[in-house]
Amino acid sequence: MKTTLEMINRMQGDGVIGEYAIGGAVGATFYLEPSATIDVAIFAMLPKAGSSSLLSLAPIYEYLKAHGCDADGEHVVIGEWPFQFLPPSDALEREALAEATETEIEGVKTRVMTAEHLVAIAVRTGRPKDHARILQFLEQDAVDTEKLNRVLAGHGLIAKWQQFKKKYGPDTND
Amino acid sequence: MTRQERRKRLAGLSFSEKIKILEKLRRRSLAIAASGLRRRRAGGVRNADENSRPA
């Protein structure tokens, strides 16, 4: 992972990607016990393709290919890990990216989404595995409920949060 | 050590240590997949979540 993150930081330094943060299961591992995952989700600001308003992943693929990395479907393999580069798709993900926490992995600087943003994104996405992850965050007391409520309210997710709490019982109440 | 205590201890590790555990879990999953032990499941219905955007 160290060499992988060094490569991603180099990409950022070279302007191929903008600000980035680790999300998904690896991001959640920052706060929780480790749980198996097949890939690393990197949320990153991406450059626009010329004068078009469309975002392009092509510069990332070209850069990494030039540095000896492989593409495997939707993933880019850097070192041992398959990575998925995801541009923020809405205001919640943009905020998650902007407010990410700085940390280090084996001495390499990186950024991870906050626990509250990871939970809010999981509430919004709402798949069974997202619900399982939210329960892990709650069981391990890894979220600031006041901050979580602010994020949920700010992005219109209170109704979905109420549905989640109704489904999973009184232990999820704050 | 209870399961809860074990989970708490794992959650309290540094991010670097947790990433090393993730790497071991990943290598183990790949080894199991390569051994064919999951062949029956792999032939079944693919989990709809596998191709979804991560949260």
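The values are calculated or read from the model by the stated rules, or taken from the named source; none is laboratory data. Since we're looking at a predicted model, the values are computed, not measured. No Cβ is skipped: glycine too gets one built from the backbone with ideal geometry, and neighbour counts run over all protein chains shown.
Listed values, structure above:
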| quantity | calculated |
| --- | --- |
| Residue among A:K160, A:K147 that alone is among the basic types (K, R), farther than 21 Å from A:L5 by Cα and within 14 Å of chain B (Cβ to nearest Cβ) | A:K160 |
| Single unsatisfied condition, A:E99 versus (1) among the charged types (D, E, K, R); (2) in contact with a strand residue (DSSP E or B) (Cβ under 6 Å, 6 or more places away or on another chain); (3) modelled with pLDDT of 95 or more | (2) |
| Within segment A:36-116, strands (runs of 3 or more DSSP E) holding 3 or more residues that are within 10 Å of chain B (Cβ to nearest Cβ) | A:40-44, A:81-86, A:101-105, A:108-112 |
| Qualifying residues in segment A:145-156 (those that are in contact with a helix residue (DSSP H, G or I) (Cβ under 6 Å, 6 or more places away or on another chain) and not β-branched (V, I, T)) - the one surrounded by the fewest Cβ atoms within 10 Å (Cβ to Cβ) | A:K147 |
| All positions within segment A:1-40 that are in contact with a Leu (Cβ under 7 Å, 6 or more places away or on another chain) and either of a type in the set (A, V, I, L, M, F, W, C) or on the phi > 0 side of the Ramachandran plot (or both) | A:I17, A:A21, A:V26, A:A28, A:A36 |
| Helices (runs of 4 or more DSSP H) within chain B that include 1 or more residues facing another protein chain (nearest Cβ under 9 Å), at pLDDT 80 or above and closer than 21 Å to A:T114 by Cα | B:3-11, B:15-35 |
| Residues that are more than 18 Å from the chain's Cα centre (by Cα) and closer than 23 Å to A:E33 by Cβ, drawn from segment A:148-164 | A:F164 |
| Odd one out for A:F83, checked against (1) over 30 Å from A:T145 (Cα atoms); (2) free of Cβ contacts under 8 Å to residues at least 60 places away in the same chain | (2) |
